[in-house]
Amino acid sequence: MARMPTTPEDHVEAANPSALNTYDMIAEGYAAENATSLANAYYERPAMLELAGNVAGRRILDAGCGSGPLFAELRDRGAIVTGVDASAGMLEQARRRLGADADLQVADLAGPLPFPDEAFDDVIASLVLHYLEDWGPTLAELRRVLKPGGRLLVSVDHPFSVALFQHMAGEKPKYFETRSRTDEWTMGGQTVQMRFWDRPLHAMTEAFTAAGFRISVISEPPFAPEARELFPEELREIEPTRTRFLCFLFFVLEAALLVPRGQAV
């Protein structure tokens, strides 16, 4: 996905979200690519919807909703969906897709959320946690707005794939560290520096349990069956009998009942 800028003026350094939200710069281009790409449209989104199952009548927070493709799918399946994102530009794309009556709000997942306790049956955090250095406060907020027994569905960059790609590029992987990574993306005529925070699998699971979640599913799902015909070049090195590749890692977490301090379970 990384491409060189065409001119110096096209290059935007936007790794600091407090100065400028990077996604505002590439919102239209990102929304167009996300709608049809192998990784998003034929891998991550179908897998997330499969894990979500029957959502009819459930109140769902799409945390980091972007341009709203997952919001749209959940709503079509009968869910009552609220979307939040830190990028006003991405939410504008979402409004174009979803209509003026869609419940969309600007909110930074690194801070407090504008919702009461136990407001949602499910929270879906699709490809968003890997932008955060510290998961603790965010997971605590997501746990707060979930009903006891509610679900948090998460997808993130697969920690093994990140280490593998670094090794293939001749870099020394630092798998067991929580470390910053910057990738260059060019979309819609703009080139930006996208900053991610990679962490090992054990750091992810420890953060989930520390926030009061029980891990019910860890998934490395298959890509959609039609993807092989639509993306023959991208998938040509994967044997015909294989339907999986290293890309994202998925979790289904259950919000455990919070017991007041000093009270026996």
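Just so it is clear, none of the values below were taken in a lab; they were calculated from the coordinates. If you're wondering where the values come from, they're calculated on a predicted model, not measured in any experiment. Cβ coordinates were reconstructed from backbone atoms using ideal geometry, including for glycine residues, and neighbour counts include every protein chain displayed.
Structural remarks
- Scattering profile of the chain at q = 0.11, 0.14, 0.17 Å⁻¹ [log10 I(q)/I(0), Debye over alpha-carbon scatterers]: -0.63, -1.05, -1.58
- Within segment 26-65: Cβ-based charge dipole about Cα centre, in debye rounded to nearest 20 (Lys, Arg +1; Asp, Glu -1): 240 debye
- Over all other residues within a Cβ to Cβ distance under 9 Å of Glu254, the charged ones net out to +2, with Lys and Arg as +1 and Asp and Glu as -1.
- Within a Gaussian network of the chain (alpha carbon springs, distance under 10 Å), most fluctuating of Gly99, Gly68, Gly150: Gly99
- Computed E for Arg236/Thr36 - FRET, C-beta separation, R0 22 angstrom, nearest 0.05: 0.70
- Glu50 paired with Glu118, simple spin-label distance in nm, labels 7 Å along Cα-to-beta-carbon: 3.4 nm
- Of the chymotrypsin sites (Phe, Trp or Tyr not before Pro) in segment 145-238, those whose Cβ has at most 13 other Cβ within 10 Å and which sit in DSSP loop: Phe176
- Neighbour cut-off at most 15 other Cβ (10 Å), DSSP loop, trypsin sites (Lys or Arg not before Pro), segment 157-265: Lys174, Arg236, Arg242, Arg244, Arg261
- Span-like helix ranges in the chain, DSSP H, alpha carbon extent 20 angstrom or more, Kyte mean at least -1.0: 22-36
- The chain: most fluctuating residue of Thr182, Thr82, Thr22 per GNM, C-alpha cutoff 10 Å: Thr182
- Relative exposure of Thr209, Thr191, Thr186, judged by other C-beta atoms within 10 Å (fewest first): Thr209, Thr186, Thr191
- For segment 192-248, GluC sites (Glu not before Pro) meeting the loop criterion (DSSP other than H, G, I, E, B) and having at most 10 other Cβ atoms within 10 Å: Glu226, Glu233, Glu237.
- When the Gaussian network model of the chain links Cα atoms closer than 10 Å, the mean-square fluctuations of Leu70, Leu129, Leu113 top out at Leu113.
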